[in-house]
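Structure first, commentary second.
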Amino acid sequence: MVNRPGYHLAELNVGRLVAETDDPRVAEFMGALDRVNGLGKRMPGFVWMMEGSGEPGTGNTENAIGDDPRFVANLTVWEDLSSLEHFVWNTVHRQFYERRAEWFEVLGEMHFVMWWVPEGHQPTLDEAMERLEHLRENGASDHAFGWAWLREQGLWQKHACGGAAA
């Protein structure tokens, strides 16, 4: 479903950098975070972003995954699927997505999840990680899903993750 009356679309994407945040191998990614996140926040349909989204090792306990400072968690909320899809595939974000193998390890398991939240709800990272774990264990459902579950949209099919890094 592209839109649910009274609901917004939450998404979580996690990854692990190939190197520490001050390493030249990830410098271009780290240097672009503010620009890409800022663009996302100005996009039509953007609702909310977890503080520190996409910033590993910031010391922000809201976006920490375990004790590994190389893990990145990006948690956002959008008015609808079309808004998120437009940002992901039709902006500079796409260029960074297509180069993700340069900066991120292959995790070997699902690392992206979406779900519907009541309007006004700001999900926590714990809530998002629970949704991701549900998707990993049970497959896609209305509770937790990926792009393929939402057959109405099509841009993801051209750019979907294969064996590349998160």
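The values are calculated or read from the model by the stated rules, or taken from the named source; none is laboratory data. Values in this document were obtained by computation on a predicted structure and should not be read as measured data. Ideal geometry is used to build each Cβ from the backbone, glycine not excepted, and the neighbour counts take in all protein chains shown. These accessible areas exclude ligands, DNA and RNA; they are computed on the full protein's heavy atoms, side chains included. Shrake-Rupley method; radii C 1.70, N 1.55, O 1.52, S 1.80 Å.
Of all the residues in segment 69-94, those that are over 25 Å from Asp126 (Cβ atoms) and touching a helix residue (DSSP H, G or I) at 6+ places or on another chain (Cβ under 9 Å) number 8. Of the residues making up segment 81-138, those that are among the polar types (S, T, N, Q) and open to solvent by less than 70 Å² (accessible area, probe 1.4 Å) number 3.
Give, as residue ranges, the strands (runs of 3 or more DSSP E) completely inside segment 1-98 that count at least 3 residues that are among the basic types (Lys, Arg) and at pLDDT 95 or above.
none
In segment 65-80, of all residues being open to solvent by 50 Å² or more (accessible area, probe 1.4 Å), more than 16 Å from Leu150 (Cβ to Cβ) and not aromatic (Phe, Trp, Tyr), the one that is farthest from the chain's Cα centre (by Cα) corresponds to Asp67. Summed over segment 139-150, residues that are open to solvent by 70 Å² or more (accessible area, probe 1.4 Å) and modelled with pLDDT of 95 or more total 1.
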